[in-house]
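A.B. asks: A single structure is presented below for examination.
The values are calculated or read from the model by the stated rules, or taken from the named source; none is laboratory data. Owing to the predicted nature of the structure, the values given are computational and were not obtained by experimental measurement. Neighbour counts are summed over all protein chains in view; Cβ atoms, including those assigned to glycine, are modelled from backbone coordinates with ideal geometry.
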Amino acid sequence: MHNRGADPYTTTTTTTAAMSDHKRRKLSHDATPVQVENETKTKKGTETAVETDLKTETDLEPKTTTFAELGVTDALCEACTALGFKTPTAIQAESIPIALSGKDIIGLAETGSGKTAAFALPILQALLDEPQPMFGLIMAPTRELAYQISQQFEALGSLISVRCVVIVGGMDMVPQAIALAKKPHIIVATPGRLLDHLENTKGFSLRQLKYLVMDEADRLLDLDFGPILDKILQVLPRERKTMLFSATMSTKLDSLTRAALRNPVRVSISTSSYQTVKNLLQQYLFIPHKYKDVYLIHLLHEFAGQTCILFTRTVNET
């Protein structure tokens with residue numbers, strides 16, 4: 001991997017003050033890139049952690065009540081209001097001020113906790129300060145999630161004329177190449193198709209990239225995107241901000257964070273509302289791969305008359 005990280009890190013606790021508001025203005029699609037030096041410097045090899053333990057939603061007493069108090073600019077606050085975002089969620093309240101300060105983030109939170117806005121708002125605000133094409137790249141494990149993220153960016157950035165493009169597999173590469181040639185601000189992509197364009201689309205590069213986000217990073221690795229991510233990281237600029245969001249933390253994911261992030265702040269939001277019920281019986285079986293369909297049919301016969309839900313990893317397996 002292209003190592004941006006450091007040796008094993010220690011854990012501390014931090015709080016970050018909200019940034020000042022910025023004036024609302026339109027984005028320029030062809031603004032000249034400006035190199036901005038990261039002013040945030042911490043001790044090498046240090047990961048900072050913000051841990052929040054939530055019993056239930058009613059137990060949560062957020063430190064801030066509005067996005068403005070987090071440092072979000074007026075134009076983006078208006079977009080949040082229009083979308084019905086009244087108060088920041090826990091992951092948003094903890095992550096946004098840290099991201100606005102220019103630090104890398106490891107965000108651990110459940111699906112549906114508001115992670116997309118947690119990274120979209122800081123990126124859009126930075127884009128207002130430094131408008132340029134190919135500003136942010138968000139990598140997602142599935143096409144469906146990629147489209148959802150793009151829709152969220154377009155909705156939150158509707159008042160500042162943000163331009164997004166979705167680059168996913170299973171689609172014609174030519175229209176995607178044309179869309180990339182128009183130099184959007186935000187690219188939302190699945191890793192495999194993004195690498196195809198980096199290797200085969202003439203004139204396309206991410207040398208000016210300022211922000212990288214890996215959403216649902218645990219699923220990215222579960223789907224064996226690891227080698228592809230390595231190749232993508234090698235062609236990205238070292239001077240960038242990186243955010244990684246995941247529902248779980250594993251050894252493989254820890255290795256990815258060391259390669260992709262520099263001195264990250266770790267924000268962990270846990271909740272007991274998703275715990276498994278105590279009287280649920282859970283079993284797992286180790287079976288030969290070539291006989292798994294036979295075992296599956298046998299089990300379905302065993303549970304005949306009962307409701308069954310089957311989960312598969314990909315659309316093709318379904």
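A.B. asks: May I ask you to list the residues in the stretch 105-135 that are among the small types (Gly, Ala, Ser) and either in a helix (DSSP H, G or I) or free of Cβ contacts under 8 Å to residues at least 12 places away in the same chain (or both)?
C.D. replies: Selection gives Gly112, Ala117, Ala118, Ala120, Ala126.
A.B. asks: Which ones in the stretch 157-188 are under 20 Å from the mean Cα position of the chain (by Cα), β-branched (Val, Ile, Thr) and not in a loop (DSSP other than H, G, I, E, B)?
C.D. replies: Across the stretch 157-188, the qualifying residues are Val165, Val166, Ile167, Ile186, Ile187, Val188.
A.B. asks: Just checking, does the stretch 205-218 include any residue being of a type in the set (A, V, I, L, M), in contact with a Lys or Arg (Cβ under 6 Å, 6 or more places away or on another chain) and in a helix (DSSP H, G or I)?
C.D. replies: Scanning the stretch 205-218 turns up no residue that is of a type in the set (A, V, I, L, M), in contact with a Lys or Arg (Cβ under 6 Å, 6 or more places away or on another chain) and in a helix (DSSP H, G or I).
A.B. asks: Exactly one of (1) surrounded by 24 or more Cβ atoms within 10 Å (Cβ to Cβ); (2) out of contact with any Gly (no Cβ under 9 Å at 6 or more places or on another chain) is unmet by Gln92. Its number?
C.D. replies: Unmet for Gln92, out of (1) surrounded by 24 or more Cβ atoms within 10 Å (Cβ to Cβ); (2) out of contact with any Gly (no Cβ under 9 Å at 6 or more places or on another chain): (2).
A.B. asks: Take Ser113 and decide whether it is of a type in the set (S, T, N, Q) and touching a Ser or Thr at 6+ places or on another chain (Cβ under 9 Å).
C.D. replies: yes
A.B. asks: While we're looking at this one, here's another question. Please state which of the following conditions Met134 fails to meet, knowing it meets all the rest: (1) modelled with pLDDT of 95 or more; (2) of a type outside the set (Phe, Trp, Tyr); (3) within 11 Å of the chain's Cα centre (by Cα).
C.D. replies: (3)
A.B. asks: A further question on this structure: Can you name every residue in the stretch 219-229 that is in a loop (DSSP other than H, G, I, E, B) and touching a helix residue (DSSP H, G or I) at 6+ places or on another chain (Cβ under 7 Å)? So that I can check it myself, show each step before the final result.
C.D. replies: The initial filter retains those residues of the stretch 219-229 that are in a loop (DSSP other than H, G, I, E, B), namely 223-225.
Within the stretch 219-229, Phe225 is the sole residue that qualifies.
A.B. asks: So, in the stretch 115-148, exactly how many residues are surrounded by 19 or more Cβ atoms within 10 Å (Cβ to Cβ) and closer than 24 Å to Leu70 by Cα?
C.D. replies: Of the residues in the stretch 115-148, 19 are surrounded by 19 or more Cβ atoms within 10 Å (Cβ to Cβ) and closer than 24 Å to Leu70 by Cα.
A.B. asks: Still on this structure: If a residue must be in contact (Cβ under 8 Å) with a residue 40 or more places away in the chain and out of contact with any Ser or Thr (no Cβ under 6 Å at 6 or more places or on another chain), how many such residues does the stretch 208-233 contain?
C.D. replies: Matching residues across the stretch 208-233 total 17.
A.B. asks: Could you say which residue among Val213, Val168, Val174 is touching a strand residue (DSSP E or B) at 6+ places or on another chain (Cβ under 6 Å) and modelled with pLDDT of 95 or more?
C.D. replies: Checking each option against the conditions leaves just Val213.
A.B. asks: If you go through the stretch 136-156 one residue at a time, do you hit one that is part of a loop (DSSP other than H, G, I, E, B) and farther than 23 Å from Val315 by Cα?
C.D. replies: No, that holds for no residue.
A.B. asks: Could you list all residues from the stretch 294-318 that are under 26 Å from Arg219 (Cα atoms), among the charged types (D, E, K, R) and loosely packed, with under 10 Cβ neighbours inside 10 Å?
C.D. replies: Scanning the stretch 294-318 gives a single hit, Glu317.
A.B. asks: Does any residue of the stretch 109-128 turn out to be within 19 Å of Val267 (Cβ to Cβ) and of a type in the set (D, E, K, R)?
C.D. replies: Yes, that holds for at least one residue.
A.B. asks: Name, by its number, the condition in (1) out of contact with any Cys (no Cβ under 7 Å at 6 or more places or on another chain); (2) within 28 Å of Arg238 (Cβ to Cβ) that does not hold for Pro184.
C.D. replies: It fails just one condition, (1).
A.B. asks: Quick one: how many residues across the stretch 248-278 are over 16 Å from Met139 (Cβ atoms), assigned to a loop (DSSP other than H, G, I, E, B) and modelled with pLDDT of 85 or more?
C.D. replies: Summing the residues that are over 16 Å from Met139 (Cβ atoms), assigned to a loop (DSSP other than H, G, I, E, B) and modelled with pLDDT of 85 or more in the stretch 248-278 gives 3.
A.B. asks: Kindly indicate which of Ala90, Ala75, Ala68 is within 22 Å of Leu253 (Cβ to Cβ), touching a residue at least 40 places away in the same chain (Cβ under 8 Å) and among the hydrophobic types (A, V, I, L, M, F, W, C).
C.D. replies: Among Ala90, Ala75, Ala68, only Ala90 is within 22 Å of Leu253 (Cβ to Cβ), touching a residue at least 40 places away in the same chain (Cβ under 8 Å) and among the hydrophobic types (A, V, I, L, M, F, W, C).
A.B. asks: Any idea how many residues of the stretch 166-200 are farther than 17 Å from Phe119 by Cα and in contact with a His (Cβ under 9 Å, 6 or more places away or on another chain)?
C.D. replies: 8
A.B. asks: Looking at (1) at pLDDT 95 or above; (2) in contact with a helix residue (DSSP H, G or I) (Cβ under 9 Å, 6 or more places away or on another chain), which is the only condition Gln151 fails?
C.D. replies: Looking at each condition in turn, Gln151 falls short on (2).
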